[in-house]
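Below is one structure, written out as structure tokens, with a few remarks after it.
The values are calculated or read from the model by the stated rules, or taken from the named source; none is laboratory data. Not measured: the values here are computed from a predicted model. Cβ placement follows ideal geometry from the backbone for every residue including glycine, while neighbour counts extend to all protein chains displayed. The area values use the complete protein model at the heavy-atom level, side chains included, leaving out ligands, DNA and RNA. Shrake-Rupley method; radii C 1.70, N 1.55, O 1.52, S 1.80 Å.
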Amino acid sequence: FNGTKAFYNQMFTITDTTDKIVRTPWRNFKIDYAEKEWEWYLSKNPSAESIAKVAKIWYNHMDERGYVNSNYGFQWSRNDQLGYVIRELQRDKYSRRAVISIYDGKEHDKYSKDTPCTLSIQFYFTPDSDKLHMTVLMRSNDLWFGFCNDAYCFLNLHDIVCSYLKVDKGFYTHYAQNLHIYERHYKKMPK
């Protein structure tokens, strides 16, 4: 419906978090674009002018200043959320508070052009492992482009947090309330 084929409440776990590249041949994942998006996140700049030159779809999401809400680096730098996560896990290894919030329903008035697809990113240890795990909650997730590029960037973020904490990466669990493929990608998928 609504120009998509969708599944609801989908969850999967990536156990090999060392490989960030989607290798499904028919997907034709563009590592150079994913890296540019990651660099844009690291800039923490909500202006999408530079990334839109590479992926024109960003022009559709810009406000009158050229800003978007989906620069996740800008989001995790707000109120030093990334720093908070690291300090919280240094303070209490088993804290359940090491969460970065991206989508904020209290800011719905700012989402007229661009609504973040990611709700939150949580980092945590389990009692049976010294590895740092990560769970990403998505409000809406385009499987063709969105997931592939997001997973690449989230796994890079996972690397950063692990590096600060001097621990190994554990698994990455991805949960999407609405996981979809747009009509324009139907014919690209194998039968």
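For the chain, what is the calculated [θ] at 222 nm in deg cm²/dmol (nearest 500), taking -39500 (n - 2.57) for each run of four or more DSSP H residues and dividing by its residue count?
-8500 deg cm²/dmol
In terms of solvent-accessible area of protein heavy atoms at a 1.4 angstrom probe, what is the ranking of D150, D63, D16, highest value first?
Listed by decreasing accessible area, they come as D16, D63, D150.
How do I100, I57, I14 rank by accessible surface area computed with a 1.4 Å probe, from largest to smallest?
Descending accessible area places them as I57, I14, I100.
Report, to the nearest whole %, how much of the accessible area of the chain belongs to carbon and sulfur atoms, 1.4 Å probe, protein only.
Of all accessible area on the chain, carbon and sulfur atoms account for 53 percent.
How much accessible surface does E49 have with a 1.4 Å probe, in Å² rounded to 10?
E49 exposes around 80 Å² with every protein chain in place.
Would you tell me the accessible area of V167, worked out with a 1.4 angstrom probe on the heavy atoms of the protein chains, in Å² to the nearest 10?
Counting only protein heavy atoms, V167 exposes about 40 Å² to solvent.
Report the gain in length on full extension from D159 to M11: 0.36 nm times residue separation, minus Cα-Cα distance, nm rounded to one decimal.
That pair, D159 and M11, stretches by 51.1 nm at full extension.
Angle between the Cα long axis of helix 146-165 and the longest principal axis of the chain, 0 to 90 degrees, nearest 10?
On a 0 to 90 degree scale, this one is about 20.
Find out how many positive minus negative residues lie around H180, taking Lys and Arg as positive, Asp and Glu as negative, among other residues whose Cβ is under 15 Å from that of H180.
In short, +1.
Count the DSSP beta bridges whose two residues both fall in the chain, then state the antiparallel fraction as a percent rounded to the nearest 5.
70
Normalised radius of gyration for the chain, please: alpha carbon Rg relative to 2.2 N^0.38 Å, two decimal places.
1.03
Non-local amide H neighbours of F171 (under 5 Å, H modeled in plane, Pro and chain starts lacking H): which ones?
M134
Would you please give the FRET efficiency between R139 and D32, computed as 1/(1 + (r/R0)^6) with r the Cβ-Cβ distance and R0 = 35 Å, to the nearest 0.05?
0.80
Quick check for you: with a 1.4 Å probe and neighbouring chains kept, what is the accessible area per residue of the chain, in Å²?
56
How long are the semi-axes of the ellipsoid equivalent to region 42-91, from square roots of 5 times the Cα gyration tensor eigenvalues, in whole Å, largest first?
28, 10, 7
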